[in-house]
Amino acid sequence: MASELKDIVAVVTGGSRGIGLGIATELAAAGASVAILARNGERASEAAAGLGGTAPHLGLACDVSSSDDSAEAIRAVEAQLGAVGLLVNNAGITRDNILLRLREEDWDEVMDVNLKGAFNMTRAVTRGMMKRRSGSIINISSVVGITGNPGQANYAASKAGLIGFTRTVARELASRGIRCNAVAPGYIETDMTAALDDAQAEALRERIPLGRLGTPEDIAGVVRFLAGPSARYITGQVLSVDGGMVI
Ligand code: NAP
């Protein structure tokens, strides 16, 4: 089905590179009109211009940690592309350190982008979705939100928080025709994981039953499925896409 998202306007936060760009590309291939939001608006516009499909796309500067920015971005998307039917909360950052060295600002920054950012964006789209009694929200969590990970107390807490947020939004909005699910990627090859040296990458591979790190496309296909009609009876779920790392 190459057009199952035809007539859907999708917003992908952090869609200018990495997993988000993979998701934006896949949604465009499924027929969606895609708005890519990132702090660097120029890169977001370039990424949007490179998406395929026949629907129009858009790139905009937006810092999801700001509620004003988030609301303004959704207003701009709706004015230019139409009512938002799909939101993918993908924007995320790491500020890793062991607990004793983790600074208050490292904690706050990660929470503000990864968790509050999803809240800001979700709040900005839900009123319209509720009126139309239709919509889908997909949050990009992480396996470390399920297992924890030394050196990532802030990041793991934000990703675990996203799971609680997903389940709550799913329960609150199901009666309004809105689904909310999460994807929990394992280790995916992007800028975020580029700092791994060969030995670290090899050690990781040994912990992954399918024997390789993931790619943005591995996540994008699952997001496309969750966004589409085949997943119409799925809400409040967390789907791990990690090569079997957490079984
Ligand atoms: P990435 O390559 O570092 O890309 C991050 C994206 O988020 C960029 O487009 C960035 O653009 C945007 N972004 C960062 N801060 C933002 C903000 N405040 N407002 C709006 N956009 C912002 O990251 P990735 O590896 O693709 O990860 C994407 C998501 O998957 C994240 O939520 C991450 O936690 C999650 N994840 C990744 C992995 C992995 O192994 N890579 C594993 C599990 C989960 P600007 O810099 O221009 O803002």
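Compute the length gained on full extension between Ser66 and Ala174: take 0.36 nm times their separation in residues and subtract their Cα-Cα distance, giving the result in nm to one decimal.
36.2 nm
Quick one: putting +1 on the C-beta of Lys and Arg, -1 on the C-beta of Asp and Glu, what dipole do you get for the chain around its Cα centre, in Debye to the nearest 20?
1180
What dipole magnitude, in Debye to the nearest 20, does segment 29-101 give about its Cα centre under +1 on Lys/Arg Cβ and -1 on Asp/Glu Cβ?
Roughly 220 debye for segment 29-101.
Given H placed on each backbone N at 1.01 Å, which residues far from Cys180 in sequence or on other chains put an amide H within less than 5 Å of it?
Distant-sequence amide H within range of Cys180: Ile137, Gly236.
Given N residues in segment 198-247, what is Rg(Cα) / (2.2 N^0.38 Å)?
1.40
Past the 31 angstrom mark, what percentage of all C-alpha to C-alpha distances in the chain do you count?
It works out to 18 percent of all Cα pairs.
Rounded to the nearest 10 degrees, what's the angle between the helix 153-173 long axis and the longest principal axis of the chain, both from Cα atoms, 0 to 90?
30
Going Cα to Cα from Lys116, which lysines come in below 19 Å? Please leave out same-chain ones fewer than 8 positions away.
Lys159
Is it possible to state the helix-based mean residue ellipticity at 222 nm for the chain, with each DSSP H run of 4+ residues giving -39500 (n - 2.57), the sum divided by total residues, to the nearest 500 deg cm²/dmol? What is it?
-13000 deg cm²/dmol
Relative to the first principal axis of the alpha-carbon coordinates of the chain, what is the inclination of helix 216-227, with its axis defined by its Cα atoms, in degrees from 0 to 90 and to the nearest 10?
Approximately 40 degrees, to the nearest 10.
Could you please report the charge total around Ile23, scoring K, R as +1 and D, E as -1 over all other residues with beta-carbon less than 10 angstrom from its beta-carbon?
-1
What is the sum of charges around Thr166, taking Lys and Arg as +1, Asp and Glu as -1, for the other residues whose C-beta is under 14 Å from the C-beta of Thr166?
+3
Add +1 for every Lys or Arg and -1 for every Asp or Glu among the other residues with Cβ under 13 Å from the Cβ of Val144, and state the total.
Once all neighbours under 13 Å are counted, the net charge is 0.
Every read-out reported here was derived from the displayed coordinates using simple, explicitly stated rules and does not represent laboratory data. Keep in mind it's a predicted model, so treat the numbers as computed, not measured. For neighbour counting, all protein chains shown are included, and Cβ atoms are generated from backbone atoms with ideal geometry for every residue, glycine included.
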